[in-house]
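Working notes, beginning with the structure itself.
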């Protein structure tokens, strides 16, 4: 009973374990040394979920988040 | 005046814009509606046609009347922490939070919730795109196997793609746009709506990011070797101008959709004809900005202020 489209599904990319954390005071994600992730391209591009390189990382462009009703 | 950024904490794309807003000296309140109630508090009053009140998150409090603009950047659903009557409580939270914000006159939304929600529907996107003069590949969405097979025979080769854009989550899986092989058995179409689209013989992919009136166009000429660039390594993007024949149509599409932001996907055929595939109203832009230098985050920050 598998839907037709799902025959083309794949295993999801590994979400990985980011090295940064959210700093609520600064309202930004920061590295352990306090530096801003937003200014570190290499870290940023290697991070799946919200970054989306044009590669194997999860690209959630089209994912229709149901945040409003 | 404050800019509200509604986003989950781990969304580092939101960081790109907040970093620029901070540099510009613009007050920002970032919170995830999923944390309301709990870490996020709200208290509003209605008196004689006016909603007054405030939103508190941590040590920050913003008067709802002092909100200049709101960027909806993939937030969680309000009431995410509810433990009793979860559905009802979440619904109450949604109406309390978005109701107060929607009632404020003059707030700029990127994007307004109504427009954002409507724009997620692929069928409507295609009709709007066609109405403004963009080329749109034929598509069928059906639960009738014979109709799917007839479309594939008539319009093939065809690709199969998600209707909503959502990836399966039970269990998690990725669903790239995929070429339907010749002789495919379409009987499983009866088990769920299936979206098939005529495949365009493309030579390039276009990611056109729209921020207000500003268009940022990136092209990948490696795209012809892959069907869905989202799942490929090594796809390269470069800045290209928006063709004069396309720009006004894209602006008309955005206006008709009520969107201030969108990431539009096109494919380019051998004759350099552009074909609209879809508009992602909450589409990613960071990977384009960081690989092409297009100042999308700055444009969003400027639009919000």
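The values are calculated or read from the model by the stated rules, or taken from the named source; none is laboratory data. All values reported here derive from a predicted model rather than from experimental measurement. Glycine gets a Cβ as well: all are built from the backbone with ideal geometry, and neighbour counts include every protein chain shown.
General observations
- Residues of the range A:14-33 that are within 7 Å of chain B (Cβ to nearest Cβ) and farther than 30 Å from residue B:22 by Cα: none at all.
- Entirely in the range B:105-202, the strands (runs of 3 or more DSSP E) that have 3 or more residues that are modelled with pLDDT of 95 or more and more than 8 Å from chain A (Cβ to nearest Cβ): B:108-110, B:139-142, B:194-198
- Top-ranked residue in the range B:205-249 [being over 22 Å from residue B:299 (Cβ atoms) and away from every other protein chain (no Cβ under 14 Å); ranked as surrounded by the most Cβ atoms within 10 Å (Cβ to Cβ)]: B:224
- Flag if residue B:61 is over 28 Å from the mean Cα position of the chain (by Cα), modelled with pLDDT of 95 or more, assigned to a strand (DSSP E or B) and at negative phi: yes
- Matching residues in the range B:230-256 - criterion: being assigned to a helix (DSSP H, G or I), more than 17 Å from the chain's Cα centre (by Cα) and under 18 Å from residue B:177 (Cβ atoms): B:231
- Tally of residues being assigned to a strand (DSSP E or B), surrounded by 16 or more Cβ atoms within 10 Å (Cβ to Cβ) and out of contact with any helix residue (DSSP H, G or I) (no Cβ under 8 Å at 6 or more places or on another chain) across the range B:1-55: 2
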